[in-house]
1. Looking only at the stretch 239-259, count every residue that is surrounded by fewer than 18 Cβ atoms within 10 Å (Cβ to Cβ), farther than 20 Å from E314 by Cβ and of a type in the set (V, I, T) and tell me the total.
2. Return the residue satisfying two criteria in turn: it lies in the stretch 260-298 and is among the polar types (S, T, N, Q) and assigned to a loop (DSSP other than H, G, I, E, B), and of such residues it is surrounded by the most Cβ atoms within 10 Å (Cβ to Cβ).
3. Output the residues belonging to the stretch 125-175 that are buried (at least 20 other Cβ atoms within 10 Å of the Cβ) and farther than 28 Å from K218 by Cα.
4. I need a count of the residues in the stretch 85-107 that are surrounded by 12 or more Cβ atoms within 10 Å (Cβ to Cβ), at pLDDT below 75 and more than 30 Å from P125 (Cα to Cα).
5. Looking at S220, S152, S230, S245 in this structure, which one is within 23 Å of S290 (Cβ to Cβ), at pLDDT below 95 and not β-branched (V, I, T)?
6. Within the stretch 184-202, is even one residue in contact (Cβ under 8 Å) with a residue 40 or more places away in the chain and either not in a strand (DSSP E or B) or not assigned by TED's automatic domain parsing to the domain that holds P312 (or both)?
7. Being β-branched (V, I, T) and exposed (fewer than 14 other Cβ atoms within 10 Å of the Cβ) is true for just one of V236, V226. Which residue is that?
Amino acid sequence: MFQPPRISQWWLNGLSKLRSFGMLSAMFRKCCLVSALVFCGMQTAPADTVQLKEKASITGKILSEKRDQIAVDVGYTVLVIPRNQIAKILKTDETELPTKVAVKTGIPADTQDLVESKPGFYSAPNMHAAVRNVRDLVNLIGEAVVQVRTPSGLGSGFIINEDGFLITNFHVIEGETQISIEVYHQKDGQLERKTYKQVRIIAINKFEDLALLKIEDKESPKFKYVPMGSADALSVGEQVFAIGSPLGLERTVTEGILSTKTRQLQGELYLQTTAQINPGNSGGPLFNMSGEVIGVTNMKITFGEGLGFAIPVESVRFFLEHRDAFAYSTDNPSNPYRYLEPPSRTRHRAVLE
């Protein structure tokens, strides 16, 4: 009877300690890469293929198959793979070789998945976006940065799609229902101020200080919007800039660097920046040098300079993708969640009869 090498027992013990299959999948991919490098140019015997659920595959000789796991010899070690992570097993005599190999170019696979996840509602990060200077970027995307006015004050915001959906801070509209949005449309090389007063609150998350609004004026045009970026992809020290309305001074541009990505305040992690943030900037965008939103500015330290903070865009994307869970209820404006009506006893009785 075949006895696997001693390393397989180590692998089996270590397998139980992995906290997620994502780590296992990454290790499998590395193993496949090393296997390809080691055996490149060598004539090998036919091998079996194990396709995993995470779009990875293992090529080797299947040594044993049990109800809950299989053992695969990949040449330099033996891998023990749980059955619940296997999508399909192709034996040597039934392996199907593709007649064409499709290669996607231009956008990495991870970015393609992100684009396809929520088509049309907001634009995903573009890993190949060109780096520009602040002057050019302001001309390109400045129109999508708006001013949010309420009877008690004002703040900033930015439009995320052409239908007039926009993001701002929850504290900008907290307790308010009469909201107006001021947009600066570019026309014939000039900026024209347009005020939209039919604004609906779509969703709010007061714990993350985020709000989703929609302009619903009948004659509103298709709006210019800004793309979402990725704060995780930035490094500390990179240049960033903000556009907003500090103290009511609309379309103010401030530039700085990303001071830190993990500043903890009141149990939340924020981006810290030296770009000047003042009252009125709240809800406005913090951009990278590709013109993508990497954060939502929402506060500063009042007794210091160059100490501004922004909500990471990853939190904004989570809020947008789960906006139904944060739907605003006109019956209870203080509640960020919408609860369904309980079933009627009369209606239930009628169904039973």
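The values are calculated or read from the model by the stated rules, or taken from the named source; none is laboratory data. Here the structure is a predicted model, which is why all the values come from computation and not from measurement. Positions of Cβ are generated from backbone atoms using ideal geometry, with glycine treated the same way; all protein chains shown enter the neighbour counts.
1. The total comes to 1.
2. Of the stretch 260-298, the ones among the polar types (S, T, N, Q) are 260, 262, 264, 266, 272-274, 276, 278, 281-282, 288, 290, 297-298.
Right, trim to assigned to a loop (DSSP other than H, G, I, E, B) and you get 266, 274, 276, 278, 281-282, 288, 290.
Details: Q266: 6, T274: 17, Q276: 20, N278: 18, N281: 30, S282: 27, N288: 24, S290: 17.
By that ranking, first place goes to N281.
3. Correct list: P125, L137.
4. First pass over the stretch 85-107, keeping only residues surrounded by 12 or more Cβ atoms within 10 Å (Cβ to Cβ): 85-87, 89-90, 92, 95, 107.
Checking the rest, the ones that are also at pLDDT below 75 come to 92, 95, 107.
Checking the rest, the ones that are also more than 30 Å from P125 (Cα to Cα) come to 92, 95.
Within the stretch 85-107, residues that are surrounded by 12 or more Cβ atoms within 10 Å (Cβ to Cβ), at pLDDT below 75 and more than 30 Å from P125 (Cα to Cα) number 2.
5. Numbers: S220 fails: within 23 Å of S290 (Cβ to Cβ); S152 fails: within 23 Å of S290 (Cβ to Cβ); S245 fails: within 23 Å of S290 (Cβ to Cβ).
Residue meeting the stated conditions: S230.
6. No: the stretch 184-202 contains no residue that is in contact (Cβ under 8 Å) with a residue 40 or more places away in the chain and either not in a strand (DSSP E or B) or not assigned by TED's automatic domain parsing to the domain that holds P312 (or both).
7. On the way: V226 fails: exposed (fewer than 14 other Cβ atoms within 10 Å of the Cβ).
The unique qualifying residue is V236.
Residues checked against (1) of a type outside the set (K, R); (2) out of contact with any strand residue (DSSP E or B) (no Cβ under 7 Å at 6 or more places or on another chain); (3) at pLDDT below 95:
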{"site": "G237", "(1), (2), (3)": "yes, no, yes"}
{"site": "K261", "(1), (2), (3)": "no, no, yes"}
{"site": "G295", "(1), (2), (3)": "yes, no, no"}
{"site": "I311", "(1), (2), (3)": "yes, no, no"}
{"site": "F326", "(1), (2), (3)": "yes, no, yes"}
{"site": "S329", "(1), (2), (3)": "yes, yes, yes"}
